[in-house]
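The values are calculated or read from the model by the stated rules, or taken from the named source; none is laboratory data. Note that the coordinates shown come from a computational prediction; the quantities given were computed from them, not determined experimentally. Backbone-built Cβ (ideal geometry, glycine too); neighbour counts: all protein chains shown.
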Amino acid sequence: MQTHLHKLLLGAVITASLFPVTLFGTGIAQAKEWTPKLSPEYPTLLTWKWHHENPYRWNVYSLLYGGTTEVLVDDYWARGSARQFAPDGGSAPMFIVGVDQYGHEITGRSNIVRPDDAREPKKWL
């Protein structure tokens, strides 16, 4: 009896843990291998390339001194179909990661860039 109950509970846990896989279509394990390529654009704009199924949204993280990360839930995110983000300032290094509707990371984390490091476009006369 106890073994049968354990198998039922274990099956429920496995089934529940597989649920996010179906939300992304190709699976969490494969999706986390894919990472967006982040680039700074003048003036203070983040743009990225992503050629796979869109996540629910992109969370934008700031790296603080000492190595900790910060995300402002209300402001620092973009819809899954977005390919650019304009932060309130560009002096802090930033990266993005795709998340599902529950906030779980479902893509790899992008490279880290500082928006203020974008080169000014050449002026043609």
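Details
- All conditions in (1) within 12 Å of Ser62 (Cα to Cα); (2) touching a residue at least 60 places away in the same chain (Cβ under 8 Å) hold for Asp117, with the sole exception of (1).
- Taking (1) at pLDDT 90 or above; (2) surrounded by fewer than 16 Cβ atoms within 10 Å (Cβ to Cβ) in turn, Lys123 satisfies each apart from (1).
- Looking only at residues in segment 73-113 that are hydrophobic (A, V, I, L, M, F, W, C) and assigned to a loop (DSSP other than H, G, I, E, B), the one that is farthest from Asn59 (Cα to Cα) is Ala92.
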